[in-house]
1. With θ taken as phi - 60° and the coefficients 6.51, -1.76 and 1.60, list the Karplus ³J(HN,Hα) couplings across region 102-113 in order, rounded to whole Hz; mark glycine and proline as x.
2. In terms of modelled amide H atoms, which long-range or inter-chain residues lie less than 5 Å from the amide H of ILE82?
3. Within a Cβ distance under 11 Å of ALA105, other residues only, what is the Lys/Arg minus Asp/Glu net charge?
4. Can you return the aspartates and glutamates within cross-link range of LYS103? Criterion is Cα-Cα under 16 Å, with same-chain partners fewer than 8 residues away left out.
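Only the coordinates and a few stated rules stand behind these numbers; no lab work does. None of the values given here were measured: they were computed from a predicted structure. Don't worry about glycine lacking a Cβ; one is built from the backbone with ideal geometry, like all the others, and counts go over all protein chains shown.
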Amino acid sequence: MNEFLRYRFLIDSGVDVLFKNEINSLQFTYNFSDDYFRFLLVNSNSALKRIAGDVSIFFGYGEDSLDVLEEINEESFFSPYIFIMGRWDKDTLIGEVLVGEHKGAIVLLDEEQYCDIDSIEELFEDIDNVECLMKCDASIVRMLLSEELGVAKVLECSFIEFLENRLLLGNGHRC
């Protein structure tokens, strides 16, 4: 954790890092949190984390990894509402909520619940008053997080909490 804070301090102080423009463009497109933005900057050219178990965050060392992030989110019908940033296990993705009262929260997306679905509209086809629901992004996020749908659940309220509680321990190792 100390290493991450040290790198974050340098970035917040204005130290130039590789791929800043690309990461900035990605944030502009998807509007993910400043904390995740800094995480990508910190990891753009350093091996800060070790992967443990099945958990992996889609980050890396260079432009190719940013292309992977962009490609995953371009193909996802969740992208206006949730930014996919990693994998929790083989059937569960990790994402950050982009809109509504849960903006910035880290969620788990159960791929088993939507593997044969091609759009949000199709996912919601059995929901009453779906037309009203589709008019508001915050309502869509609330429905995605509902137990009724079972697609997503909140893991942490912010990326920093996720980083501190799920990825990093005091010695810099992932849990």
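1. These are the phi-based 3J(HN,Hα) values: 9, 3, x, 5, 9, 10, 9, 10, 7, 4, 4, 6 Hz.
2. LEU98
3. Numbers: positive: LYS103, LYS153; negative: GLU96, GLU101, GLU156, GLU161.
Overall, the nearby charge balance is -2.
4. List returned: ASP34, ASP35, ASP137, GLU156, GLU161.
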